[in-house]
1. What's the magnitude of the charge dipole for the chain around its Cα centre, counting Lys and Arg as +1 and Asp and Glu as -1 at the beta-carbon? Answer in Debye, nearest 20.
2. Indicate the gyration tensor shape class of the range 4-52 (rounded, prolate or oblate), computed on the Cα atoms with a ≥ b ≥ c the square roots of the eigenvalues: a/c under 1.5 is rounded; otherwise a/b larger than b/c is prolate and the rest oblate.
3. If contacts are Cα pairs under 8 angstrom and at least 6 residues apart, what is the relative contact order of the chain in percent?
4. Using every pair of alpha-carbon atoms in the chain, split the distances into 5 Å bins beginning at 0 and state the percent of pairs per bin, rounded to integers.
5. How large is the charge dipole for the range 111-199, taken about the Cα centre, if only the Cβ atoms of Lys, Arg (+1) and Asp, Glu (-1) carry charge, to the nearest 20 debye?
6. Loop only per DSSP, at most 10 neighbouring Cβ atoms within 10 Å: give me the GluC sites (Glu not before Pro) in the range 1-99, ordered by residue number.
7. For the range 51-111, what class follows from the C-alpha gyration tensor (a ≥ b ≥ c being the square roots of its eigenvalues): rounded when a/c is under 1.5, otherwise prolate if a/b is larger than b/c, else oblate?
Amino acid sequence: MYEGAVQDLIDELGRLPGIGPKSAQRIAFHILEADSEDMIRLADSIRTVKDKVKLCRICFNVSEQETCGICRDERRDGTAICVVEESKDVVAIERTRTFRGRYHVLGGAINPIGGIGPDQLHIRELLTRLQDDTIQEVILATDPNLEGEATATYLSRMLGSTGITVTRLASGLPVGGDLEYADEVTLGRAFEGRRNVTG
């Protein structure tokens with residue numbers, strides 16, 4: 001449609017999640033019309049985040065250091081681990097101020113159609129963490145959609161023989177939704193009403 005660099009920018013923006021062709025075109029033209037200094041700051045921020053941000057070696061949350069702030073915080077409850085799909089889910093749960101334990105970020109959910117099985121997720125690392133005798137509860141906080149439910153079911157079966165209490169977030173979260181879009185009250189109630197899934 002457009003020539004060279006403009007079309008390349010639209011194509012690249014269109015590859016971002018949630019950005020359709022029209023949105024990509026609108027953003028591209030906003031970038032063209034915006035102040036150069038603002039766009040250079042945006043480009044620098046993207047470059048910096050790609051250079052500096054990595055995954056925490058313990059929980060796989062995003063961090064600029066070897067371990068994230070939550071894993072370094074000694075005031076956190078070391079007896080409970082909340083298992084989530086993505087780092088954005090950690091932020092959603094932290095906003096509720098309901099959970100004071102630690103996290104484990106899987107890096108996605110089981111999705112056979114998308115070619116994602118248990119081996120593509122940080123499940124082995126979770127099992128290694130659970131060898132610590134201080135852990136008493138694992139909270140499965142995967143998204144309440146088909147992939148999230150499949151992941152929670154897989155984990156609950158795998159962890160059933162460990163002797164650790166395994167719970168799942170209670171109702172209150174809409175089925176088919178994502179944790180990052182849940183409001184604080186709904187997510188907080190789901191945490192408080194979580195249920196045991198190991199029998």
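Taken together, the values in this text are just the output of simple stated rules run on the coordinates, not laboratory data. Nothing here was measured: the structure is a model prediction, and the numbers come from that model. Cβ coordinates were reconstructed from backbone atoms using ideal geometry, including for glycine residues, and neighbour counts include every protein chain displayed.
1. Numbers: 24 positive and 32 negative charges, 150 e Å.
Its charge dipole is roughly 720 debye.
2. On the way: a/c = 2.08, a/b = 1.31, b/c = 1.59.
Cα axes put the range 4-52 in the oblate bin.
3. Numbers: 278 pairs, mean separation 31.1, N = 199.
Computed over the chain, the figure is 16 percent.
4. Cα pair-distance distribution for the chain, in percent: 1, 7, 13, 16, 16, 14, 11, 9, 6, 4, 2, 1, 0.
5. Working: 7 positive and 13 negative charges, 72 e Å.
Computed about the Cα centre, the dipole is about 340 debye.
6. Values: sites: Glu3, Glu12, Glu33, Glu37, Glu64, Glu66, Glu74, Glu85, Glu86, Glu94; in loops: Glu3, Glu64, Glu66, Glu74, Glu85, Glu86.
Those satisfying the criteria are Glu3, Glu74.
7. Details: a/c = 1.62, a/b = 1.10, b/c = 1.47.
Judged from the Cα gyration tensor, the range 51-111 comes out oblate (a/c at least 1.5, b/c at or above a/b).
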